[in-house]
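All remarks here apply to the structure that follows.
The values are calculated or read from the model by the stated rules, or taken from the named source; none is laboratory data. Values in this document were obtained by computation on a predicted structure and should not be read as measured data. So basically every Cβ, Gly included, is an ideal-geometry build from the backbone, and we count neighbours across all protein chains shown.
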Amino acid sequence: VLSGARGHVRFDEVTFAYGTGRTILPEFTLDIPAGQTVALVGTTGAGKSTLAKLVSRFYDPSEGAVTLDGVDLRELHPRDLRRAIVMVTQEAYLFSGTVADNIALGRPDATFDEIVAAAVAVGADPFIRSLPDGYHSDVNKRGGRVSAGQRQLISFARAFLADPAVLILDEATASLDIPSERMIQDALQTLLADRTAIIIAHRLSTVAIADRVLVMEHGRVIEDGTPDAL
Ligand code: ATP
Ligand code: MG
């Protein structure tokens with residue numbers, strides 16, 4: 001992990017509302033030990049994305065605190081926070097530019113070899129090399145050629161290169177064919193190793209590889225256990 005953070009995440013009696021709206025998370029307490037992979041599931045509107053946004057400091061709690069290794073996120077330097085906690089969302093998978101640029105987002109200092117190594121690690125290298133201009137292919141211009149699964153793999157390579165202590169992933173809902181699904185699962189396992197991960201999970205196969213599954217409803221955890229116990 002680049003930042004040196006351990007990755008212990010804690011919600012300490014967090015109450016949160018969007019602006020003056022109703023309370024979304026009421027006195028929410030949750031402890032996620034360093035290195036744990038947590039799958040978040042639950043009905044629409046339960047507060048899963050809100051929880052993810054509080055960890056990435058998209059928003060701050062109205063009351064209580066979210067801490068990383070015991071330190072209130074509000075006390076961390078924004079640069080340290082960005083290095084320690086990375087959020088991968090469905091919407092922001094790719095921006096216009098080359099495949100290499102897309103992988104290096106968040107690590108502008110990365111060498112080409114490091115970019116390739118990250119792609120190799122998550123299994124994205126073979127398809128990238130098969131593109132007309134390889135790593136220098138423009139993802140937008142050839143957008144039609146990059147499938148949903150391949151987009152996810154590129155975003156996984158980006159997250160792998162960023163090497164955060166805490167990874168937050170809002171899993172894509174787009175359905176994939178079986179070979180892509182298998183590829184994404186393998187990539188995910190590699191990506192999750194040695195870091196804390198909070199995944200808003202839409203796939204059963206992702207829930208299955210989690211250490212812990214949290215079922216949310218109306219801003220509360222209604223079930224908390226291992227995948228096979230649920
Ligand atoms: P989904 O499975 O549909 O993604 P979710 O569990 O991620 O749902 P959230 O997006 O966290 O749910 O939303 C929780 C509640 O907060 C919902 O009632 C939603 O309408 C509300 N909400 C979410 N974002 C905002 C916002 N920017 N402003 C006001 N209310 C919001
Ligand atoms: Mg959501």
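Only a single item in (1) part of a strand (DSSP E or B); (2) surrounded by fewer than 20 Cβ atoms within 10 Å (Cβ to Cβ); (3) more than 14 Å from ligand 1 (Cβ to nearest atom) is not met by V66, and it is number (2).
Every residue, every condition in (1) in contact with a Leu (Cβ under 7 Å, 6 or more places away or on another chain); (2) at pLDDT 95 or above, yes or no:
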| residue | (1), (2) |
| --- | --- |
| F11 | yes, yes |
| V38 | yes, yes |
| V66 | yes, yes |
| R82 | no, no |
| T98 | no, no |
| A119 | no, yes |
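One line per residue, one yes/no per condition, for (1) surrounded by fewer than 23 Cβ atoms within 10 Å (Cβ to Cβ); (2) modelled with pLDDT under 95; (3) under 11 Å from the mean Cα position of the chain (by Cα):
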residue: R145; (1), (2), (3): yes, yes, no
residue: S155; (1), (2), (3): no, yes, yes
residue: V166; (1), (2), (3): no, no, yes
residue: D177; (1), (2), (3): yes, yes, no
residue: D186; (1), (2), (3): yes, yes, no
residue: T190; (1), (2), (3): yes, yes, no
residue: A193; (1), (2), (3): yes, yes, no
residue: I198; (1), (2), (3): no, no, yes
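V38 meets the conditions (1) among the aliphatic types (A, V, I, L, M); (2) out of contact with any Ser or Thr (no Cβ under 9 Å at 6 or more places or on another chain); (3) surrounded by 19 or more Cβ atoms within 10 Å (Cβ to Cβ) in every case but one. The failed one is (2). Scanning the stretch 69-83 for residues that are surrounded by 19 or more Cβ atoms within 10 Å (Cβ to Cβ) and of a type in the set (D, E, K, R) gives a single hit, R83. Pairing each residue of the stretch 3-26 that is under 21 Å from T44 (Cβ atoms) and of a type outside the set (A, V, I, L, M, F, W, C) with any residue that is assigned to a loop (DSSP other than H, G, I, E, B) and within 16 Å of ligand 2 (Cβ to nearest atom), provided the two are 6+ apart or on different chains, yields C-beta distances under 8 Å for Y18/Y59; T23/G219; P26/G219. From the list A157, A174, the one residue that fits, being in contact (Cβ under 8 Å) with a residue 12 or more places away in the chain and in a helix (DSSP H, G or I), is A157. The set of residues in the stretch 1-56 being charged (D, E, K, R), more than 13 Å from ligand 2 (Cβ to nearest atom) and either touching a Lys or Arg at 6+ places or on another chain (Cβ under 8 Å) or not in a loop (DSSP other than H, G, I, E, B) (or both) consists of R10, D12, E13, E27, D31.
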